[in-house]
Amino acid sequence: MNWKFWQKKKHSDKPKIKKTKTREWVDAIVFAVVAATIIRVFFIEAYTIPSGSMERSLLVGDFLFVSKVNYGARIPMTPIAFPFAHHTMPLTGTKAYWDGVQWKYRRLPGLQDIKRNDVVVFNFPEGDTVVLERQDDNYYQMQLRGESRESIWSGFSVTSRPVDKRENFIKRCIAIAGDTISMKNGLAVVNGTPSPLVGTGGFGYNVEFTTADVNLKLFEDMGFKIGPTALPTIYRFEGTPDLVKELKKSPYVKSVTEDLTPADEQDILIFPHDKNRKWNLDNYGPIIVPEKGWTVTLDSLTMPLYERSIRIYEGNKLEKVGNDWILNGKKATTYTFKMDYYWMMGDNRHASADSRYWGFVPEDHIVGKALFIWLSIDSEGSFFNKIRWSRIFKGIH
């Protein structure tokens, strides 16, 4: 006789409760969001080119993938954030993150260091303070152009953003930590060696023709952007040095002169915004790019260049008392940098807001390396020519 009939069934013998369709969908969505977030943070992320600062290397409407692996993925510094939103919610316009929790800067090991001429995505260094009604502008440049701090704060909504929630920029790394960078007549000079842009990069030229009867469409088809001047035979061309070589072969071209700012003309918008330095977009420097472990003397010559890096990027309390610099409450004559820095510039040299305006990019602002274009849309193209087919899966060099 079986005396075990009275025993209760074991827990494992109980029938499993089947998930509802709603629960299955919720589980699938949660898994997809978590997986996609991990991929975006630690492996690869998609970006769009919004401006022409990198023409002709990258065009407006290019969609590209950026690797987080090459330089090492940055551990999120603002961990509590809404998935797939960078700093602003798309519909409400409110913050897409909570900055009540901030983690210190850490980065996983990468496959390589940043090299000169790499195309790099990074957080905008001067994006710590933002005017919400004018987010395409620069808060600090607004003041340099004559707007007072008081008028900005009283007339607009101003907010601050943590490092990893600042606007994403993409530029070419012209100089790495420890390099000396300068600009001579529109040409970048790194460690004393001229670094011309080959096959890319836009400059402005004043082109004089032998006659006013010129078919400009022929030159536009070559790749130039053309604008009129006050004289009927002179036009302003924008193009690469390679295109200019072809342009000079035309029998209708009388002269071509590069449109450069004279070396002795000062532009106060140019970093470091020092009245004692007569620097401009085409002529400035030399500047030493800070390197981790490099010690700089704190004096009137160096501080316009490095004060922001020491105070803002490296988080020190720095103030000047009389002729002395007080660093974290103690008198100091030197400072040793804790991070590497980089000098970023756009290939479209006369239409790029880059390090020439706002200085160094700290290593904790680095997002990743641009790899390749997976789609390119021409907003001015016709229905069948919206997609730039020749740019799909094109590598970025």
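The values are calculated or read from the model by the stated rules, or taken from the named source; none is laboratory data. Please read these numbers as outputs of a predicted model, since none were measured by experiment. Every residue, glycine among them, receives a Cβ derived from its backbone with ideal geometry; neighbour counts consider all protein chains shown. We work out accessible area using only protein heavy atoms, side chains counted, and drop any ligands, DNA or RNA first. Shrake-Rupley method; radii C 1.70, N 1.55, O 1.52, S 1.80 Å.
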Degrees, to the nearest 10: 21-42 long Cα axis against longest axis of the chain: 40 degrees
Go ahead and run the numbers for FRET between K330 and F42, Cβ-Cβ distance against an R0 of 41 Å, rounding to 0.05. 0.55
Just subtract the alpha-carbon distance of Q143 and L59 from 0.36 nm times their residue separation and send over the number in nm, one decimal. 27.2 nm
Express in whole angstrom the spacing between the alpha-carbon centres of the stretch 326-397 and the stretch 166-200. 12 Å
Order by protection proxy (mean Cβ within 10 Å, highest first), peptides 237-248, 379-390, 254-265: 237-248, 254-265, 379-390
Can you give the accessible area per residue of the chain, in Å², using a 1.4 Å probe? 57 Å²
Highest first, please rank the peptides 38-47, 363-372, 280-289 by the mean number of other Cβ atoms sitting within 10 Å of their residues. 363-372, 280-289, 38-47
Using unit Cβ charges (K, R positive; D, E negative) and no other charged atoms, how large, in debye to the nearest 20, is the dipole of the chain about its Cα centre? 2700 debye
Sort 175-181, 346-352 by the packing proxy (mean of other Cβ within 10 Å over each peptide's residues), most packed first. 346-352, 175-181
In nm, spacing of pseudo-spin labels at S160 and N215 (7 Å Cα→C-beta vector): 6.1 nm
When the charge dipole of the stretch 52-157 is computed with +1 on Lys and Arg Cβ and -1 on Asp and Glu Cβ about the Cα centre, the Cα farthest towards its positive end, among G100, I75, Y139, belongs to I75
Could you please state how large a percent of the accessible area of the stretch 121-213 is carbon and sulfur, counting protein chains only and using a 1.4 Å probe? 49 percent
Between (i) 254; (ii) 235; (iii) 178, which entry matches volume of the Cα convex hull per residue in Å³ as derived from the coordinates of this structure? (i)
Counting only pairs 8 or more places apart or on different chains, how many lysine pairs in the stretch 209-334 have C-alpha atoms closer than 20 Å? 16
Heavy atoms only, probe 1.4 angstrom, no DNA, RNA or ligands counted: give me D136, D378 ranked by accessible area, highest first. D136, D378
